[in-house]
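Here's the structure, in structure tokens; my notes come after.
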Amino acid sequence: MMTQPATSPFPVSQNVANMKPSSTLAAMQAAEALRATGAHVVDFGAGEPDFDTPENIKQAAEQAMRAGKTKYTSTGGIRELQQALIDFYADRFGARYERPEVMATSGGKQAIFNAIVSLINPGDEVLIAKPYWVTFPEIVVFAGGTPVFIDTEENGFVLTAEMIQAAITPKTKVAILNSPSNPSGRVIPPAEFQRIMEVLAERAIYTISDECYLRFVYPPAEVFSAASLPLELRTRLCVAGSFSKTYAMTGWRMGYALAPTDWTRAMLKVQSHSTSNATSIAQWAATEALRGPQDSVASMLAEYTARRQWLLHELRGIPGVTCNEPEGAFYAFPSVRGCFNDKVTNSDEFARALLEQEQTVVTEGAGFGAEGYVRMSYATSMAQLQEGVTRIRRFCSSLSG
Ligand SMILES: Cc1ncc(COP(=O)(O)O)c(C=O)c1O
């Protein structure tokens, strides 16, 4: 009988060893594990809409499949989708893009990955405002760059041009902007966004504007895309967009990048040697998403608006909890610092104890660079929100007891 050779530890590459596991996925896994025991879990962890993909979008995918549109596409995507994106940005934001500046990607995440990997050399610095979406620094680290974090807490988590100015060094290569923000839901006002872009343009720094939550903004905050800025502020701009949230299409993996031709060419090179192209039938679905009726977006937004209002009011009524107003996306990002005691001393312990004691999932804030806070997704039913808030209130009061 052959004996198995002793296994040595997997020799993980240094770049991957340096990456942290995703705290949002960790929260999802914790919820799964608890659910499997039969517990009634209230889950505020999910970073995805609780709505189904609209019917017209599903039909477009089905038709594409039946028509045999099931082969490789060109790396940047089908012409129809590129044109739909160009038309959308022209109609909504008065922006003029040409096809060589547009590419379809496998989710917005791949657009950001392409943008960073095609630009960053070891030692380059990348500006990232705290709190940040967990993936930003990890892609930078993977690419050999150095994330430079900007603290925004003093301004209620809204980044300003002055903060950017103060963080720039001769090594700064790119800034990642994300408005509306995951996890804080905060929105950079358009005039401030423009000032930020002026500072970056003056120093010839590249910008990735992650506009994943572009359409989910609550008045008086305004829907704004960096694509609408004057051309001279867009010469080093990559807009990274996504179909995931806007059209409840997280599983379809559809996103896009809009960037100057030379940057797009470099990103196409990365993509051609990784995923080749976004899924063909998902591209046809995404084309319909942009070209077809938009009422599903409006009805999701109306639902999020009502939940947000309710949740914010309830959270602010819990002793020890404070919360900035989320102006976009579908997350509340309350501070729970006021609830800490000698056993629960940080947001990770808070999230773990809440899960154990009340079977309720929130995502701890340190993973987003904001210790003392937790992220709560309100992309869940009103009934779940009500039950969850009741549990959190009970939990917080148990901590002070
Ligand atoms: C801020 C932000 N950017 C980008 C993405 C990527 O989304 P996707 O890859 O599903 O398009 C997400 C998803 O959670 C996000 O929250």
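A few comments on the model shown:
- Annotation for residue 356 and residue 274: the two label points, set 7 Å from Cα along the Cα-Cβ direction, are 3.8 nm apart.
- Rounded percent of accessible protein surface that carbon and sulfur make up, the chain, 1.4 Å probe: 53 percent
- Highest-MSF residue in the chain out of 170, 49, 189 [GNM, Cα springs under 10 Å]: 170
- If R0 is 30 Å, the Cβ-Cβ spacing of residue 71 and residue 12 corresponds to a FRET efficiency of close to 0.30.
- Pairs of alpha carbons in segment 54-132 whose separation is greater than 21 Å (percent): 49 percent
- Residue 166/residue 266 FRET efficiency (R0 41 Å; Cβ-Cβ; nearest 0.05): 0.90
- Taking a Cβ cut-off of under 11 Å around residue 118, the surrounding Lys, Arg, Asp and Glu residues balance to a net charge of +1, with basic ones at +1 and acidic ones at -1.
- Think of a 1.4 Å ball rolled over the protein heavy atoms: segment 187-290 then has 35 Å² of accessible area per residue.
- At full extension, residue 56 and residue 381 could sit 114.7 nm farther apart than now, given 0.36 nm per residue minus the alpha carbon distance.
- Net charge of the neighbourhood of residue 357, taken over other residues with C-beta under 14 Å away and scored Lys/Arg +1, Asp/Glu -1, is +2.
- Residue 310 paired with residue 298, simple spin-label distance in nm, labels 7 Å along Cα-to-beta-carbon: 2.3 nm
- Rg to Rh quotient for segment 174-286, alpha carbon positions, Kirkwood Rh: 0.98
- Residue 37/residue 390 FRET efficiency (R0 25 Å; Cβ-Cβ; nearest 0.05): 0.75
- Vicinal HN-Hα couplings computed from phi for segment 237-244 (Karplus, 6.51 cos²θ - 1.76 cosθ + 1.60; Hz; Gly/Pro x): 10, 10, 8, 9, x, 8, 9, 4
- Using only the C-alpha atoms, the convex hull of segment 262-303 corresponds to 116 Å³ per residue.
- Based on every Cα atom in the chain, Rg and the maximum pairwise Cα distance Dmax equal 21.6, 73 Å.
The values are calculated or read from the model by the stated rules, or taken from the named source; none is laboratory data. All values derive from a computational prediction rather than experimental measurement. As a convention, Cβ positions derive from the backbone with ideal geometry for all residues, glycine included, and neighbour counts pool all protein chains shown. SASA here: full protein model, heavy atoms, side chains in, ligands and nucleic acids out. Shrake-Rupley method; radii C 1.70, N 1.55, O 1.52, S 1.80 Å.
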